[in-house]
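Written below as structure tokens is the structure these notes are about.
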Amino acid sequence: MNFVNYLHFVEPMQEQFTKVYSTMSAIIAVILILWLLNFIAGLIQRTYVIGKAFGGFYRNYLHGYIKGLFVKISSLSKETKA
């Protein structure tokens with residue numbers, strides 16, 4: 001027997017390997033898509049939490065001062081226009 005005859009014995013194993021490979025590729029693709037969606041959702045959640053914390057800090061401690069400063073600056077610009 002030569003090498004070509006041995007290849008006929010390997011063909012069923014190659015077909016099985018191809019089926020397993022395509023199945024595993026699909027499973028890995030689905031897992032990667034789910035991981036990416038989870039990653040994006042985590043980024044959105046962290047951004048929301050940081051924004052809420054910064055907004056609460058601003059509203060509780062800085063808003064009164066910045067509002068007063070803005071009112072004084074806007075009143076100065078109204079006096080110069082008149």
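Express the C-alpha Rg of the chain as a ratio against the empirical globular expectation 2.2 N^0.38 Å, rounded to two decimals.
Here the answer is 2.81, to two decimals.
Against the longest principal axis of the chain, how steep is helix 3-57, in degrees 0 to 90 to the nearest 10, with axes from Cα atoms?
Helix 3-57 sits at roughly 10 degrees to that axis.
Give me the percent of the accessible area of the chain that comes from carbon and sulfur atoms, probe 1.4 Å, all protein chains in place. Write down the numbers at each step before the final one.
Values: 5800 of 7980 Å².
The C+S portion of the solvent-accessible surface of the chain is 73 percent.
Using alpha carbons only, how many degrees (0 to 90, rounded to 10) separate the axis of helix 63-81 from the longest principal axis of the chain?
60
Which number do you get for Rg(Cα) / (2.2 N^0.38 Å) in segment 1-49?
Values: Rg = 21.2 Å, N = 49, 2.2 N^0.38 = 9.7 Å.
Against the empirical 2.2 N^0.38 Å value, I get 2.20 for segment 1-49.
At 1.4 Å probe radius, can you tell me the per residue accessible area of the chain in Å²? Let's see the in-between values first.
Numbers: 7980 Å² over 82 residues.
That works out to 97 Å² for each residue.
The values are calculated or read from the model by the stated rules, or taken from the named source; none is laboratory data. Since the structure is predicted, the reported quantities are computational estimates derived from the model, not experimental observations. In case anyone asks, the SASA skips ligands and DNA or RNA and just uses the protein heavy atoms, side chains included. Shrake-Rupley method; radii C 1.70, N 1.55, O 1.52, S 1.80 Å.
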